[in-house]
Amino acid sequence: MKETLRLAEFIAGHQYKDLPAEVVAKAKLTIADTLGCGIAGYTAAKEECRWILELVKDLGGKAEATIFLDGFCTSAPQAALANGTMIHTIDFDDTHMGSIAHFSSCLVPTVFALGERLKVNGPSLINAFVVGFEVGARVGRAMMPSHYRYWHPTSTFGSLASAAAAAKLLNLDAARTEQVLGLAMDMAAGLRYCIDQGDFSKSLHPGFAAMRGIILALLGQKGVNGPKGLLEYPTGFCRAFSEDPKIEKITEGLGDSYEIASNSLKAFPTILCSHSSIQAVSDLFGKYSLLPPEIKRIQLRISETAKDQGKNYNPATPLAARLSIPFCIALVAIERKVVLEQFTEEKLKNPTIREFMGKVKIDDDRSLNERYPGTLASITEIETVNKGRLRQEVIYPKGNPQNPMSKDDVAHKFYELCSLTLPSAKAEKLLDLLFKLEGVADLGQVIGLLKA
């Protein structure tokens, strides 16, 4: 097996012209969606962003890349650290279901920071983004689901994705790229604790993945050596981080299709495994004109892919609340919506919300995985006081590739997110550029609009 070398050869040889039109279109939508999350995070998660911005400013660095919105210029790795952290603060960025990873919060800061340093054009940026996504997603898919027992895939697989994208932007050859990938695997880290508890390490994970990817690719450009064949090595990355890795699957059909096609965008600013249930509860409350006092119990059966996720009944922070299915369901039932502005300290202490959370029961259901592989399906039953037991299935929540967000949906979400930070005219100009990214000759055009 030479999976690592084959991936490296794919990265080094891939060109923008190899990308099908639909892949370019999906990449542009995803990049725009991701930047929207960062723009909103800058304002909605002001305290978390302050922590990382102050650190990066204290560190200084060569002025070659811009921190989104703040406008401070620093080294490309440090800009990527700040931007990746900022994007993920509100947990509204995309999720690749096959690996349960938020790749774009790792890749967008990588390609924008290094791309600004190198003065790349739109096609080069899109190509590096898609290539990085492909590498991280293929490796991630081959190592799931056991990898998720302990590790946060956004951090572990995201480091690999970012290194691949950075190596592509630097035009490293296959031999050098293989060693950069090896270094990224060697440095990969990030525990799953953050998903259970909702602490700041979750936001830091994509930032550090982006920073690591750039630093390691720049080291590769300097000529350093690194591990070769680390995917397939007997004690290498796959076997160390997964109980049953399907290593031979990593390069199967490489180049015939693209993993970004199976990427999910988020319709709600919450953990993805909550989305099917949010939709189901929202539908049932609307259809039957339900009121919170009428509810005796809400029973959720969700795909076992999300085993042990989202079951925090005592979230202590706004991020933890976004990761709590009971909290999200309580918002739907009581306030009939789930939007970014609801995740506040005040809501966390709301006794009505807290009491209603106790009515939400969650069970993992392996049969949903078997019937509907590759999605986070939900079967919701609401037991009412006088309307009986109501049932709703949602298999493909909005944003899933089987129920995708349209270009207009993405635009609407983008404008809503930008409204927290940017004037509407600037947001419109920025989105227009992002939707025409393949025609952008100078990345500085986009960077100039990413300032508050």
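Tabulated values for the structure
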| read-out | value |
| --- | --- |
| From A184, A261, residue being under 21 Å from the mean Cα position of the chain (by Cα) and free of Cβ contacts under 8 Å to residues at least 60 places away in the same chain | A184 |
| Scan of the stretch 399-421 for residues that are more than 26 Å from P20 (Cα to Cα) and either touching a strand residue (DSSP E or B) at 6+ places or on another chain (Cβ under 8 Å) or of a type in the set (K, R) (or both), ordered by number | T421 |
| Members of the stretch 370-389 that are touching a residue at least 60 places away in the same chain (Cβ under 8 Å) and surrounded by fewer than 20 Cβ atoms within 10 Å (Cβ to Cβ) | Y372, G374, E381, E383, T384, V385, N386, K387 |
| L265 vs. criteria at pLDDT 95 or above, surrounded by 19 or more Cβ atoms within 10 Å (Cβ to Cβ), under 22 Å from C106 (Cα atoms) and hydrophobic (A, V, I, L, M, F, W, C) | yes |
| Total residues in the stretch 110-133, condition polar (S, T, N, Q) and either closer than 14 Å to T34 by Cβ or without any contact (Cβ under 8 Å) to a residue 60 or more places away in the chain (or both) | 1 |
| Filter result for the condition that a residue is assigned by TED's automatic domain parsing to the domain that holds I90 and either within 21 Å of the chain's Cα centre (by Cα) or among the polar types (S, T, N, Q) (or both), over T375, T380, T421, T344 | T421 |
| Residues being part of a loop (DSSP other than H, G, I, E, B) and among the polar types (S, T, N, Q) - total across the stretch 285-339 | 6 |
| Residue list for the stretch 1-24, restricted to those being closer than 21 Å to K407 by Cβ and either of a type in the set (S, T, N, Q) or free of Cβ contacts under 8 Å to residues at least 40 places away in the same chain (or both) | A21 |
| 2 or more residues under 27 Å from K119 (Cα atoms): qualifying helices (runs of 4 or more DSSP H) within the stretch 347-452 | 407-418, 424-435, 444-449 |
| S367 under 21 Å from I260 (Cα atoms) and loosely packed, with under 14 Cβ neighbours inside 10 Å | no |
| Matching residues, the stretch 120-154, being closer than 14 Å to C238 by Cβ, aliphatic (A, V, I, L, M), in a helix (DSSP H, G or I) and within 17 Å of the chain's Cα centre (by Cα) | V135, V139 |
| Selection count where residues are buried (at least 21 other Cβ atoms within 10 Å of the Cβ) and not aliphatic (A, V, I, L, M), scope the stretch 27-50 | 10 |
| Out of L53, L118, L107, L59, sole residue that is crowded, with 24+ Cβ neighbours inside 10 Å, modelled with pLDDT of 95 or more and out of contact with any Lys or Arg (no Cβ under 9 Å at 6 or more places or on another chain) | L107 |
| Evaluation of A101 against (1) touching a Phe, Trp or Tyr at 6+ places or on another chain (Cβ under 8 Å); (2) more than 25 Å from N400 (Cα to Cα); (3) crowded, with 19+ Cβ neighbours inside 10 Å (one fails), failing number | (2) |
| Matching residues in the stretch 273-304 - criterion: being under 30 Å from T34 (Cα atoms) and crowded, with 24+ Cβ neighbours inside 10 Å | C273, S274, H275, S276, S277, I278, A280, V281, L300, I302, S303 |
| Some residue of the stretch 345-357 being β-branched (V, I, T) and modelled with pLDDT under 95 | no |
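One line per residue, one yes/no per condition, for (1) among the hydroxyl-bearing types (S, T, Y); (2) in contact (Cβ under 8 Å) with a residue 60 or more places away in the chain; (3) in the same structural domain as R149 (by TED's automatic domain parsing); (4) closer than 27 Å to P397 by Cβ:
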position: W51; (1), (2), (3), (4): no, yes, yes, no
position: I67; (1), (2), (3), (4): no, no, yes, no
position: A79; (1), (2), (3), (4): no, no, yes, no
position: N83; (1), (2), (3), (4): no, yes, yes, no
position: D93; (1), (2), (3), (4): no, yes, yes, yes
position: M97; (1), (2), (3), (4): no, yes, yes, yes
position: I100; (1), (2), (3), (4): no, yes, yes, yes
position: V108; (1), (2), (3), (4): no, yes, yes, yes
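The values are calculated or read from the model by the stated rules, or taken from the named source; none is laboratory data. Everything numeric in this text was worked out from a predicted model, so none of it was measured. Virtual Cβ from ideal backbone geometry, glycine too; neighbours counted across all protein chains shown.
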